[in-house]
1. Is it the case, given these coordinates, that Val119 is modelled with pLDDT of 90 or more and either of a type in the set (Val, Ile, Thr) or not in a helix (DSSP H, G or I) (or both)?
2. Val281 passes all but one of (1) within 30 Å of Ser81 (Cα to Cα); (2) at pLDDT 95 or above; which number fails?
3. Output the qualifying pairs, or none if there are none: Cβ atoms under 8 angstrom, residues six or more apart or on different chains, first residue in the range 1-21 and within 10 Å of Ser218 (Cβ to Cβ), second residue aromatic (Phe, Trp, Tyr) and not in a strand (DSSP E or B).
4. Can you work out which of the residues in the range 182-199 that are touching a residue at least 12 places away in the same chain (Cβ under 8 Å) and assigned to a loop (DSSP other than H, G, I, E, B) is surrounded by the fewest Cβ atoms within 10 Å (Cβ to Cβ)?
5. How many residues does the range 21-47 contain that are under 21 Å from Ile84 (Cβ atoms) and modelled with pLDDT of 95 or more?
6. Is it true that Asn76 is at pLDDT below 80, out of contact with any Lys or Arg (no Cβ under 9 Å at 6 or more places or on another chain), open to solvent by 40 Å² or more (accessible area, probe 1.4 Å) and under 24 Å from Tyr117 (Cα atoms)?
Amino acid sequence: MRGLVIKNTGSWYTVRTDDGRDIESKIKGNFRLKGIRSTNPIAVGDRVQINVNAEGTAFITEIEDRKNYIIRRSSNLSKQSHIIAANLDQCMLVVTVNYPETSTVFIDRFLASAEAYRVPVCLDFQQGRPLYGRRAALLGWLDKLIHAHRLPVLPDFCLGRYGSRRNQTGIRGKVTLFSGHSGVGKSTLINAILPEQNVKTGEISTAHNKGMHTTTFSEMFPVASDGYIIDTPGIKGFGTFDMKDEEVGHYFKEIFEFSAQCKYGNCTHRHEPGCAVREAVEQHYISESRYASYLNMLEDKEEGKYRAAY
C-alpha cells in the first residue's frame, strides 16, 4: 500500500495512504538510504510503501525515489546527516533581525543547500522582539541584506516584513517547508495561515535572547489544492553535508557567475592570482557578507567544525 509520511515523532511515522487513512507505522528491519548515512532514514514528505498488520499499524517496507530534499549535517553525529524534509516545491526560511538574530552565515548555508537540490527558497523576515526607536535602522539592515542576496530577482525569493499575515496564494497546491531558528515565529505564521491547526507557540528565553523549542517533531498540514505546509523543529546551526570544496561556489549564484572569468578553472577564490571573484568582492559586485559565508563553508573541514562525512 502506498502513502505519504505526514508526521515523524521519532520511532513512529504517520503515513497517509492514497485512500485517505492515517496509519501509524514503523520502519521494517535495517533501513538505510542509498549512499547516505542519516539519523532519520525516513523524513516527512517521503512517499513510501507499507504493509498493514492485524493490529492496524504498519511496517514501512520501501521509500520511493525522492525528487529533492533539504539536508544538513547532524549536530551530534557529525559523520551522519539529518534530512529535514523531502519532495518539496519550496521552502519558507523564517528570519528574525533581532531577539533571536538570524546570522547571514546561517541564511547563506541554508540557501546554498537548497540551491544544491534545486529547491526554491522564500525568505520571510520578522522583526522579532520590538526594539523601540530602531525601526529605521532595522529597515536599513534589511535593505542591505536584500541587495546582498539579490532578493528582487523573483520568484526565487519573496519577502514578508514584520509579522504580516500571509494568505494561501503562494502556497496553494505546493509542498512548503517552514524552517528557521527556534523562536523566529514559524508556528505563529502557520497559525495565521491555518488557524484551525492551533500549532503550539513559545516564548523567547530572556536569559539568552534565543528561541526555545516548541515544535518537537515534524508534521505536514494540508492547505488548499492538495498542498501542504511542513512544520519542523527549530534549527540551531546548519552544517552543510556532502559538499566538495570545488562545488560550494556553484551554490552561490553570483560567485558562480564571476568564477567563469577566473584565470584558473579550479580556483577556490581564496588566494589564487587572477581570481575574478575576489576582484568582484573588492569592486562590490559581490557582497562581503556573502563572500565571508562562502569562506566559512570552506573552512568547516579545516577548522574541525565538522569531521569529514563518509
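1. On the way: modelled with pLDDT of 90 or more: yes; either of a type in the set (Val, Ile, Thr) or not in a helix (DSSP H, G or I) (or both): yes.
Yes: the conditions hold for Val119.
2. Of everything listed in (1) within 30 Å of Ser81 (Cα to Cα); (2) at pLDDT 95 or above, Val281 misses just condition (1).
3. Lys7/Phe217; Asn8/Phe217; Thr9/Phe217
4. At the first step, the residues of the range 182-199 found to be touching a residue at least 12 places away in the same chain (Cβ under 8 Å) are 182-190, 192-194, 197, 199.
Cutting the leftovers down to assigned to a loop (DSSP other than H, G, I, E, B) gives us 182-185, 194, 199.
Values: Ser182: 19, Gly183: 26, Val184: 27, Gly185: 22, Leu194: 17, Val199: 20.
Checking each candidate, the answer is Leu194.
5. 5
6. On the way: at pLDDT below 80: yes; out of contact with any Lys or Arg (no Cβ under 9 Å at 6 or more places or on another chain): yes; open to solvent by 40 Å² or more (accessible area, probe 1.4 Å): yes; under 24 Å from Tyr117 (Cα atoms): yes.
Spelling it out, Asn76 is indeed at pLDDT below 80, out of contact with any Lys or Arg (no Cβ under 9 Å at 6 or more places or on another chain), open to solvent by 40 Å² or more (accessible area, probe 1.4 Å) and under 24 Å from Tyr117 (Cα atoms).
Let's see how each residue does on (1) surrounded by 15 or more Cβ atoms within 10 Å (Cβ to Cβ); (2) at pLDDT below 85; (3) assigned to a loop (DSSP other than H, G, I, E, B):
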position	(1), (2), (3)
Ala207	no, yes, yes
Thr216	no, yes, yes
Ile230	yes, no, no
Gly237	no, yes, yes
Met243	yes, yes, yes
Phe258	yes, no, no
Lys263	no, no, yes
Met297	yes, no, no
Gly304	no, yes, yes
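The values are calculated or read from the model by the stated rules, or taken from the named source; none is laboratory data. As the structure is a prediction and not an experimental result, all values here were calculated from the model. All Cβ positions, glycine included, derive from the backbone under ideal geometry; neighbour counts span all protein chains shown. Please note that ligands, DNA and RNA were not included when accessible areas were found on the heavy atoms of the full protein model with its side chains. Shrake-Rupley method; radii C 1.70, N 1.55, O 1.52, S 1.80 Å.
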